[in-house]
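A quick write-up on the structure given underneath.
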Amino acid sequence: MKARKPQTFANPHLESMVDIPEALGESESFLEFRERLSRVAPVNRPVLLVGERGTGKELAASRLHFLSRRWEGPLVALNCSALTPSLIEAELFGYEKGAFTGAAERRRGRFESADGGTLFLDEIGNIPMEVQEKILRVVEYGSFERVGASENVKVDVRIIAATNADLVVLAGEGKFKWDLLDRLSFEVLFLPPLRERDGDILLLANHFAARMAHELGWEELPQFSDEAIHALEGYSWPGNVRELKNVIERAVYRSDTSLIREIAFNPFQRGEEDERPGAGETRETKKRKPSADDLGLTPLKEAVRDLEVRRIKRALIETRHNQQKAARRLGLSYHQFRGMYRKYKEAVEKPP
């Protein structure tokens, strides 16, 4: 088998041009994602980006564009969830004068604006079926009709689509066209959530903290206390990198010193409670009356069982039910964890 030749781009400086700070990472999952992205970038085919909110789908689309041979052309984006179904068609394909009430003049749509470049369709799962049919025609034939027109408009556009929905499920339910899904998924790139990027949380936190400190005019670089690091690394980050950025910037802004000790994950919290993973008692536990276990009246075997059930439940919640990570958090092997989980399955799965 011949060795693969290194990928070359039209502009030799493109790699440095698209090193976006928010796209930092050293974890295996993140580096594998970047390698796959760089490999498909110069191939003139559609790409589908799949990831949770806040994982950086728009940044990935930008990198795909600037590493492609279309890098000198326009990069046009449309958030499909921000428009009503009736407006999406006119926004994508444009319209002729008099096409509908309020159409005082001809207007170009996003496809025409992206001619010669890339069109990024975010949250593509929200596009109505009739508009999907027109997008499919553009993908297959490179032409479409403006709203209210009968003439074909020819364009040369590469589509990059993104979603946090399961398009296969939507297609199976008749809510997304199988033909369009086939055309868009020449390559499907899954953006790893932050909780699965081992080691990247602190790397990104230090970057965001330094940038915020510079913005605030600090002379010293911020540092995180051991307690703060433990909290950051123990949190599940449902909002991913976007949430991390907000949390870190808020922590730096609120700190009176360059040593960051307090991490506020929820800005709506009043301060009496501490929601950080591994933190002490909550306001509710402080107020509750002592239990039999607190007074040492519960039989030892029952107390140990209750403790193990609570610890398993908590580990599963904090790791979003990833059993391998929950095992590591409890200092157990995966097989030890599975044994305990089977033993206490009914109690663990019982709603609180």
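Pick from segment 240-271 the residues that are under 17 Å from Asp226 (Cβ atoms) and β-branched (Val, Ile, Thr): which of them is surrounded by the most Cβ atoms within 10 Å (Cβ to Cβ)? Working first, answer last.
Residues of segment 240-271 that are under 17 Å from Asp226 (Cβ atoms), as a first pass: 248, 251, 255, 257-263.
When the remaining residues are screened for being β-branched (Val, Ile, Thr), the result is 248, 257, 260, 263.
Numbers: Ile248: 26, Thr257: 10, Ile260: 22, Ile263: 24.
Going through the qualifying residues, I end up with Ile248.
Checked against (1) of a type in the set (A, V, I, L, M, F, W, C); (2) out of contact with any Phe, Trp or Tyr (no Cβ under 6 Å at 6 or more places or on another chain); (3) at pLDDT below 95, Leu121 meets all criteria but (3). Candidates Ser86, Ser27: the one that is of a type in the set (S, T, N, Q) and either free of Cβ contacts under 8 Å to residues at least 24 places away in the same chain or within 23 Å of Asn152 (Cα to Cα) (or both) is Ser86. The set of residues from segment 311-340 being surrounded by fewer than 17 Cβ atoms within 10 Å (Cβ to Cβ) and outside any loop (DSSP other than H, G, I, E, B) comprises Arg311, Arg314, Ile317, Gln323, Gln324, Arg328, Tyr334, His335, Gln336, Arg338, Gly339.
Of all residues in segment 217-234, none satisfies being surrounded by fewer than 21 Cβ atoms within 10 Å (Cβ to Cβ), small (Gly, Ala, Ser) and closer than 30 Å to Val40 by Cα. Please verify whether Asp156 is of a type in the set (Asp, Glu) and part of a loop (DSSP other than H, G, I, E, B), treating the condition exactly as stated. It is true that Asp156 is of a type in the set (Asp, Glu) and part of a loop (DSSP other than H, G, I, E, B).
Residues are listed down the side, and each one gets a yes or a no for (1) under 24 Å from Tyr141 (Cα atoms); (2) within 15 Å of the chain's Cα centre (by Cα); (3) outside the structural domain of Gly54 (by TED's automatic domain parsing):
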{"site": "Arg158", "(1), (2), (3)": "yes, no, no"}
{"site": "Ala165", "(1), (2), (3)": "no, yes, no"}
{"site": "Leu180", "(1), (2), (3)": "yes, no, no"}
{"site": "Ala205", "(1), (2), (3)": "no, no, yes"}
{"site": "Glu219", "(1), (2), (3)": "no, no, yes"}
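Listed here are the strands (runs of 3 or more DSSP E) enclosed by segment 34-133 that have at least 1 residues being in contact with an Asp or Glu (Cβ under 6 Å, 6 or more places away or on another chain) and outside the structural domain of Asn164 (by TED's automatic domain parsing), and there are none.
Kindly indicate whether any position in segment 98-106 is crowded, with 20+ Cβ neighbours inside 10 Å and either farther than 15 Å from Ala161 by Cβ or among the small types (Gly, Ala, Ser) (or both). Before the answer, list the steps.
First pass over segment 98-106, keeping only residues crowded, with 20+ Cβ neighbours inside 10 Å: none.
No - not one qualifying residue is present in segment 98-106.
Every listed requirement among (1) in contact with a strand residue (DSSP E or B) (Cβ under 9 Å, 6 or more places away or on another chain); (2) charged (D, E, K, R); (3) over 30 Å from Leu194 (Cα atoms) is met by Glu133 save one, (1).
Could you please give the count of residues in segment 1-55 that are at pLDDT below 60 and either under 23 Å from Gly117 (Cα atoms) or of a type in the set (Ser, Thr, Tyr) (or both)? Before the answer, list the steps.
Kept after step one, since they are at pLDDT below 60, are these residues of segment 1-55: 1-22.
Filter again for either under 23 Å from Gly117 (Cα atoms) or of a type in the set (Ser, Thr, Tyr) (or both), leaving 7-20.
Of the residues in segment 1-55, 14 are at pLDDT below 60 and either under 23 Å from Gly117 (Cα atoms) or of a type in the set (Ser, Thr, Tyr) (or both).
Any chance you could count how many residues in segment 138-149 are surrounded by 15 or more Cβ atoms within 10 Å (Cβ to Cβ) and either aromatic (Phe, Trp, Tyr) or at pLDDT 90 or above (or both)? Number of matching residues: 4. Of all residues in segment 41-65, exactly one satisfies the criterion of being over 19 Å from Phe30 (Cα atoms) and without any contact (Cβ under 8 Å) to a residue 60 or more places away in the chain, namely Pro42.
The values are calculated or read from the model by the stated rules, or taken from the named source; none is laboratory data. Quick caveat, the model's predicted, so the values are computed rather than measured. Because the Cβ atoms are built from the backbone with ideal geometry, glycine has one as well, and the counts that use them run over all protein chains shown.
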